[in-house]
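**Student:** Let me begin by handing over the structure; questions about it come next.
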């Protein structure tokens, strides 16, 4: 459903098709649909998307939030990869008991990172968990056989 928005500052009209926050040429912000209160956005958008490809004047506001006090972007590391790496490191001292869960979580984390819907990072942590878990399982298995 299309919505026609008239900027109260410069009186320019825009046709809006997608919900979100937008910026007019004059710098005025508006939302579609119009909300009575501010809500947190569930998804992040890293690049601005243009609504009208012919004029490129109407830019959809980026939803990527930077913290004002630190200037840093929040981490988007895969939590499963972090857990897999912790289990892999602990499997070295736990006689290899935590190695199979570390391997399973490492492969699951690689699948989550490869899926573009989640936008996770941390491929190195998942690979490190798989390698450390495999080495730990082999070493403790050989130690038990001796």
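**Student:** Subtract the Cα-Cα distance of residue 31 and residue 146 from 0.36 nm times their separation in residues, and report this length gain in nm to one decimal. All intermediate terms of the calculation are to be shown ahead of the outcome.
**Tutor:** Values: separation 115, 0.36 × 115 = 41.40 nm, distance 6.87 nm.
Roughly 34.5 nm would be gained on extension.
**Student:** Once you keep just the Cα pairs under 8 angstrom separated by 6 or more residues, what percentage relative contact order results for segment 97-146? Show your work: numbers first, answer last.
**Tutor:** Values: 33 pairs, mean separation 22.7, N = 50.
Across segment 97-146, relative contact order equals 45 percent.
**Student:** State the extension gain, in nm to one decimal, for the chain segment bounded by residue 139 and residue 21, taking 0.36 nm per residue of separation less the distance between their alpha-carbons. If you can, show how the numbers build up before the last one.
**Tutor:** On the way: separation 118, 0.36 × 118 = 42.48 nm, distance 5.51 nm.
Full extension from residue 139 to residue 21 adds 37.0 nm.
**Student:** Express the C-alpha Rg of segment 79-145 as a ratio against the empirical globular expectation 2.2 N^0.38 Å, rounded to two decimals. Please report the intermediate quantities before stating the final value.
**Tutor:** Values: Rg = 12.1 Å, N = 67, 2.2 N^0.38 = 10.9 Å.
So segment 79-145 has a normalised radius of gyration of 1.12.
**Student:** What ranking do 12, 116 get, fewest neighbouring Cβ atoms within 10 angstrom at the top? Walk me through the numbers before you get to the answer.
**Tutor:** Values: 12 14, 116 7.
Fewest-to-most Cβ neighbours within 10 Å comes out as 116, 12.
Each value in this text was obtained by applying a stated rule to the coordinates, not by laboratory testing. Source: prediction; values computed, not measured. Note: ideal-geometry Cβ built from the backbone for every residue, glycine included; neighbour counts use all protein chains shown.
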